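Since the structure comes first, as structure tokens, the remarks are kept for the end.
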Amino acid sequence: MKMTREVVRQNQSVEVPVESPVDFEKDIRVDIHHLELEWVRQPQLVWKYGKLAADAKDEVSRIENQISMHESDVAADVRKKPELFGLPSDKVTDKNIRYAIESDPTFQQLNTKLRKAKKNYDIIERAVTSIDHKKRSLEHLVKLLAMEYFSGPSVPHKIGAEVQDRLRDAQSTDFAERELRRRGT
């Protein structure tokens, strides 16, 4: 289902698509010819990437929790039955327990998951920063526009027709993608 948001400008009411898939390169691009549309999209982008960052941070915490619990389980197992880990009963030291934990395949898999989750979180945090930079760029572009920095004809463009064209393009692209997925290609 394609979500839209209503925008009112100069007594015109038009529907602006609310995008949900992540296309970072597209999201940070600034269309200087349609600053009003960029400003309408800006809060949506802040929300989208803020939520992604929160979800990524939650994933990092969840994996760290799993690692901690797994470390405790392995340490308890080593203390109970050190011979299963190739240790004599009288040589259960913290160093040996740490070695047993670090050589455990599940611990290694969880650590790999944690590294990937942290990388994902870092990337999304950079995206949030970039979206903030985009906001500042928009502010400066509007100031330049207000000072008539950009030269060109002063004929107002029809925002309604342009938004409807963009919406139609987005819907046809969504339909084509759904058809491809349905056909399994």
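The numbers here are math on the coordinates, done by the rules we state, and not lab data. Quantities reported herein were computed from a predicted structural model and do not represent experimental measurements. So basically every Cβ, Gly included, is an ideal-geometry build from the backbone, and we count neighbours across all protein chains shown.
General observations
- Above-threshold pairs, the threshold being 26 Å between Cα atoms, out of K57/K81; K48/K134; K91/K119; K81/K118; K26/K118; K51/K143: K57/K81; K91/K119; K81/K118; K51/K143
- Cα→Cβ-extended label distance, 7 Å offset, between K26 and A146, nm: 3.1
- Spin-label model, L35/K95: points 7 Å from Cα along the beta carbon direction are separated by 6.7 nm.
- Taken along the Cα-to-beta-carbon direction at a fixed 7 Å, the label points for K113 and W47 span 3.1 nm.
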